[in-house]
Every structure is written in structure tokens, then in C-alpha cells.
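Here's the structure we're looking at; comments come further down.
What follows is calculated from the coordinates using simple rules that are stated; it is not laboratory data. Bear in mind the structure is a predicted one, so any value in this text is a computation, not a measurement. As a convention, Cβ positions derive from the backbone with ideal geometry for all residues, glycine included, and neighbour counts pool all protein chains shown.
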Amino acid sequence: QVQLVESGGGLVRPGGSLSLSCAASGSIYAIYQVGWYRQAPGKQRELVATITNSGTTNSGTTDYADSAKGRFTISRQNTKNTMYLQMNSLEPEDRAVYYCKARTTLLGDYWGEGTQDTVSS
């Protein structure tokens with residue numbers, strides 16, 4: 001199994017920045033993709049960004065939702081088993097609970113419990 005713990009959520013004003021972290025433990029070796037998702041009130045959970053293991057680079061291949069491109073940056077530090085999401089130029093529409101997700105070979109998918117981000121003036 002894989003355990004995921006998010007941290008870093010909070011309240012920020014429009015135009016501000018937040019940095020989220022997701023620490024993974026357990027069967028780390030089985031993870032081939034990690035990502036951030038979010039769920040706003042009354043809406044379905046949606047993809048924000050992912051990093052997929054790549055044979056061509058240690059940093060992996062990143063992918064972003066259109067709403068995140070140019071404002072958010074996903075990264076990971078393998079030595080700490082930690083993934084990050086740097087969010088800049090935040091807008092009220094970015095208010096959501098942010099979840100990290102790990103996809104594994106053979107063991108299935110795992111989710112963290114989420115961290116609340118609020119963007120409000």
C-alpha cells in the first residue's frame with residue numbers, strides 16, 4: 001500500500017501564492033505516476049497536474065490542466081518521497097480541496113485526505 005499526506009493549504013488573497021506538499025510512504029517503488037487533483041464545492045474532482053515516470057528523465061513527464069498552465073508547477077523530490085505543487089497568481093476559482101494521488105503498478109491508485117485552499121479577498 002501507499003500512504004499520502006498533504007500539507008500546505010490555507011487562505012490566500014487573489015494574486016497570491018501557495019505551495020502544497022505531498023509526502024508518500026509505503027510501497028513507493030510501485031508508483032509510476034503522482035499528481036494533484038482538486039474538488040471545488042459542488043463540482044467534480046478534476047485533474048490539476050501530474051508527473052509520470054519517464055525513462056528519458058529522472059524528473060518525469062509533466063502534464064497540466066489548461067487552468068493550471070503557466071500558473072502552477074508540479075515537481076517532486078525523490079530523495080524525500082515528496083511531491084509539490086507551487087501555485088501562483090491564484091484566483092477565487094482556485095478555491096478547492098486539493099488531493100494528491102499516486103498510481104501504482106499492480107497495487108492500484110491511492111489518494112491523500114486533501115488540503116483546503118481558500119482564495120478570498
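Over the chain, what relative contact order in percent results from Cα pairs under 8 Å that are six or more residues apart? Each step should come with its number before you reach the end.
Details: 295 pairs, mean separation 44.6, N = 121.
In percent, rounded to a whole number, it is 37.
If you take every residue apart from Leu90 with its C-beta less than 14 Å away from the C-beta of Leu90, what net charge results, scoring Lys and Arg +1 and Asp and Glu -1? Write down the numbers at each step before the final one.
Numbers: positive: Arg13, Arg38, Arg71, Arg95; negative: Glu91, Glu93, Asp94, Asp117.
Once positives and negatives cancel, what remains is 0.
Please give the charge dipole size of the chain, origin at the Cα centre, charges +1 on K and R Cβ atoms and -1 on D and E Cβ atoms. Round to the nearest 20 debye. Could the numbers behind the result be given before it?
Values: 11 positive and 10 negative charges, 25 e Å.
Roughly 120 debye, rounded to the nearest 20.
So if R0 is 22 Å, what FRET efficiency would Ser75 and Leu47 give, r being the distance between their Cβ atoms, rounded to the nearest 0.05?
Once rounded, the FRET efficiency stands at 0.85.
³J(HN,Hα) across region 62-69 via Karplus (A = 6.51, B = -1.76, C = 1.60, θ = phi - 60°), whole Hz, x for Gly/Pro?
Values per residue, Gly and Pro as x: 9, 9, 10, 5, 4, 5, 9, 4 Hz.
I'd like the Karplus ³J(HN,Hα) series for region 71-87: coefficients 6.51, -1.76, 1.60, θ = phi - 60°, whole numbers in Hz, and an x wherever there's a Gly or Pro.
Going residue by residue, I get 10, 10, 9, 9, 8, 8, 10, 4, 5, 10, 6, 10, 10, 10, 9, 8, 10 Hz, with x marking Gly and Pro.
How big is Rg to Rh over region 39-121, alpha-carbon atoms, Rh as the Kirkwood inverse-mean-distance radius? Spell out each step's value before the answer.
Numbers: Rg = 13.7 Å, Rh = 14.1 Å.
Computed over Cα atoms, the ratio is 0.97.
Determine the gain in length on full extension of the stretch Glu91-Ser54; use 0.36 nm per residue of separation and subtract their C-alpha separation, reporting nm with one decimal. Mind showing how you got there, number by number?
Working: separation 37, 0.36 × 37 = 13.32 nm, distance 3.17 nm.
Value of the extension gain: 10.1 nm.
Give a residue-ordered list of calculated ³J(HN,Hα) values for region 90-100 (Karplus: 6.51 cos²θ - 1.76 cosθ + 1.60, θ = phi - 60°; whole Hz; x for Gly, Pro).
5, 10, x, 5, 7, 5, 5, 8, 9, 10, 9
List the residues, sorted by chain then number, that are 5 or more residues from Ser27 or on another chain and whose placed amide H is less than 5 Å from its amide H.
Amide H neighbours of Ser27, under 5 Å, 5+ apart: Val2, Gln3.
Label Thr61 and Tyr29 with points 7 Å out from Cα along Cα→Cβ: what is the distance between them in nm?
Result: 2.5 nm between the two label points.
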